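For reference, the structure is listed below as structure tokens.
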Amino acid sequence: MKTTTLLFLLFTTFSVIAQDKFFTNTGTINFEASVPLFEEVKAVNRQVAILLEPKTSTFICTVVIKDFRFKLDLMQEHFNDNYMESNRYPKAIFKGKIEKFDLKDLSEQEKEYLIKGKLNLRGKSKEIIVNALIKRVPEGIQVISDFPIAISDFNISIPETILGKIAKTANTELTGVIRSDDTMLTLK
């Protein structure tokens, strides 16, 4: 009897903890660093991990660099080997706080929030502030955010011969629907 009660309480506690976090590993980042009149520099990553802890307003986004897909294999190879050095720096991580966020205030209407945090990319960290549109959807919480990334902030060296063919700031758009469910138990 005591064992059953203890197991029930333990399961209930873990279920409540799991409900306090929203998570997905199928978020999407669209990346673009194109300039007019030159070949499009564009990629997508559909395996982005996003975590939201409403109690603390913590927002974490983790990206495996090699999961970006370009339409040209050679462009993808140069991106990973020469610019992002993805063998040496396999992930980019953003961790921040959503200002004035309260789960109770979310509705089906998009609401704009600021997220202040630190982006870790290529072994460098930079404090950034990004805008995010957040709303409730039937599957959970939808987040859409833009992350402009200045190449110079992360010591990404571009050869002189192609410097004019790549934007100095990469535009990245994050989208994802994060859910509260029992999959969080596997993350603990």
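Any idea what the dipole of the chain comes to, in debye rounded to 20, about its Cα centre with Lys/Arg Cβ at +1 and Asp/Glu Cβ at -1? The partial results should precede the final answer.
Working: 26 positive and 24 negative charges, 127 e Å.
Charge dipole, the chain, about its Cα centre: 600 debye, nearest 20.
Enumerate by residue number the trypsin sites (Lys or Arg not before Pro) in the stretch 66-166 meeting two conditions: DSSP loop (anything except H, G, I, E, B), and at most 15 other Cβ atoms within 10 Å of the site's Cβ.
Values: sites: K66, R69, K71, R88, K91, K95, K97, K100, K104, K111, K116, K118, R122, K124, K126, K135, R136, K165; in loops: K71, R88, K100, R122.
Qualifying residues, ordered by number: K71, R88, K100.
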Helix 2-19 vs. the chain, principal-axis angle (Cα, 0 to 90°, nearest 10): 40 degrees
Dipole in debye (nearest 20) - the stretch 37-111, about Cα centre, beta carbon charges: Lys, Arg +1; Asp, Glu -1: 300 debye
Amide H within-cut-off set for F147, under 5 Å, with H built and near neighbours excluded: T172, E173, L174
Unsatisfied cross-links (Cα-Cα over 23 Å) in the set K97/K168; K55/K135; K71/K95; K95/K124: K97/K168; K71/K95
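Roughly how many percent of the accessible protein surface of the chain is carbon and sulfur, given a 1.4 Å probe and a whole-percent answer?
Details: 6350 of 11350 Å².
Ligands and nucleic acids excluded, carbon and sulfur give 56 percent.
Residues of the stretch 104-188: accessible area per residue at 1.4 Å, in Å²? Present the calculation step by step, with values, prior to reporting the outcome.
Details: 4990 Å² over 85 residues.
Per-residue accessible area for the stretch 104-188 comes out at 59 Å².
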Cut-off under 5 Å, modelled amide H: who pairs with A167 long-range: S34, V35
Surface/4 of the Cα convex hull for the chain, nm²: 13.1 nm²
Among G123, I141, F94 - extreme Cα towards positive end, dipole of the stretch 82-143, charges at beta-carbon: G123
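The values are calculated or read from the model by the stated rules, or taken from the named source; none is laboratory data. Predicted model only: the values in this text are computed from it and were never measured. As a convention, Cβ positions derive from the backbone with ideal geometry for all residues, glycine included, and neighbour counts pool all protein chains shown. Areas reflect the complete protein model, heavy atoms only, side chains present, ligands, DNA and RNA absent. Shrake-Rupley method; radii C 1.70, N 1.55, O 1.52, S 1.80 Å.
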